[in-house]
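The values are calculated or read from the model by the stated rules, or taken from the named source; none is laboratory data. The shown structure was predicted, so the numbers you read here are calculated from the model rather than taken from an experiment. Note that each Cβ is placed from the backbone with ideal geometry, even for glycine, and that neighbours are counted across all protein chains shown.
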Amino acid sequence: MKNTDDAKPVIADREADVTLSGPSLVGRGFMNYERYGLSIRRDGEPPLRQERDVLRASRVAAVLPIDLERGEVVLIRQFRLPAHLATGRGEMVEIVAGRIEQGEASATAARRECLEEIAVAPHRLIELYSVLPTPGFTDEFVTYFLGFVDAAQVPARAGAVEETEDTRPFVVSIDDALGALDHGQVANGLLVSALQWLALHRAQLHDYFQRAAADQR
């Protein structure tokens, strides 16, 4: 018989009892690569001592651009060297995403990145959720937004010139985007997460549209 007094595990991230030393700089490029010493304490056990390296990527805003009237989603194609090295398929399909500048609000960054990467600003924008895509390697923290756009205004080419960015926006039906996800045709983690969210919440898109309107009043 199951012990009904057993407490159910809490499924949630929580703070750690950890002491850090450092960091020391391992390398510096577009981002800093840092090394930390750490001591983790758990439940009266002897401290666990480790040395870990972290790529300091910081905060990112990601946007899933939806044309609600047409039932379409705006995606981009962009070359990614790590994808090329890992799979040989470096021309990745992605959603809008980019770094949040120091002191910049995440929603402001989301709008700016839409203008840079698909050359269209969302007329309504609502925050959805946040994730750490690769917490074993980097502190990159991604906040997702749903952006409502006019897909008819999307050009064939965009990108921030000063960043030598070359993005190729394209528009597909929501059905086709979810079909690509279902058939394993796309591997970009931010895109996969966004499309999974879309598959779960597609029936509520009009509700999100109204909530976005209320938030902007």
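Listed by position, the strands (runs of 3 or more DSSP E) contained in the stretch 108-207 that have at least 3 residues being within 20 Å of Arg59 (Cα to Cα) and in contact with a helix residue (DSSP H, G or I) (Cβ under 7 Å, 6 or more places away or on another chain) are 124-131, 141-148.
Of everything in the stretch 55-73 that is among the hydrophobic types (A, V, I, L, M, F, W, C) and modelled with pLDDT under 95, the residue that is nearest to the chain's Cα centre (by Cα) is Ala57. Within the stretch 35-67, the residues that satisfy the criterion of being within 27 Å of Glu117 (Cβ to Cβ) and either of a type outside the set (A, V, I, L, M, F, W, C) or free of Cβ contacts under 8 Å to residues at least 12 places away in the same chain (or both) are Arg56, Ser58, Arg59, Pro65, Asp67.
Just checking, which of Glu45, Glu51, Glu104 is assigned by TED's automatic domain parsing to the domain that holds Ala152 and farther than 18 Å from Phe170 by Cβ? Step through it out loud before you land on a result.
Working: Glu45 fails: assigned by TED's automatic domain parsing to the domain that holds Ala152; Glu51 fails: assigned by TED's automatic domain parsing to the domain that holds Ala152.
That would be Glu104, the only listed residue that is assigned by TED's automatic domain parsing to the domain that holds Ala152 and farther than 18 Å from Phe170 by Cβ.
Checking each residue of the stretch 91-104 against the condition of being surrounded by fewer than 16 Cβ atoms within 10 Å (Cβ to Cβ) and part of a strand (DSSP E or B) gives at least one match.
All but one of (1) under 18 Å from the mean Cα position of the chain (by Cα); (2) closer than 27 Å to Ala203 by Cβ; (3) not aliphatic (A, V, I, L, M) hold for Gln78; state the number of the condition that does not hold. Result: Gln78 passes all but (2).
Which residues, taken from the stretch 35-70, are surrounded by 15 or more Cβ atoms within 10 Å (Cβ to Cβ), among the hydrophobic types (A, V, I, L, M, F, W, C) and assigned to a strand (DSSP E or B)?
Step one: filter the stretch 35-70 for residues surrounded by 15 or more Cβ atoms within 10 Å (Cβ to Cβ), giving 35-36, 38, 54-55, 57-68.
Those left that are additionally among the hydrophobic types (A, V, I, L, M, F, W, C): 38, 54-55, 57, 60-64, 66, 68.
Leu38, Val54, Leu55, Val60, Ala61, Ala62, Val63, Leu64, Ile66, listed by residue number.
When you check Gln153 against the structure, is it within 30 Å of Glu51 (Cα to Cα), more than 14 Å from the chain's Cα centre (by Cα) and among the polar types (S, T, N, Q), yes or no? It would help to see each step written out before you state the result.
Numbers: within 30 Å of Glu51 (Cα to Cα): no; more than 14 Å from the chain's Cα centre (by Cα): yes; among the polar types (S, T, N, Q): yes.
Considered against the rule, which asks whether it is within 30 Å of Glu51 (Cα to Cα), more than 14 Å from the chain's Cα centre (by Cα) and among the polar types (S, T, N, Q), Gln153 comes out as no.
Any residue that is touching a residue at least 24 places away in the same chain (Cβ under 8 Å) and under 22 Å from Gly136 (Cα atoms) - is there at least one of those in the stretch 100-111? Taking every residue of the stretch 100-111 in turn, at least one turns out to be touching a residue at least 24 places away in the same chain (Cβ under 8 Å) and under 22 Å from Gly136 (Cα atoms).
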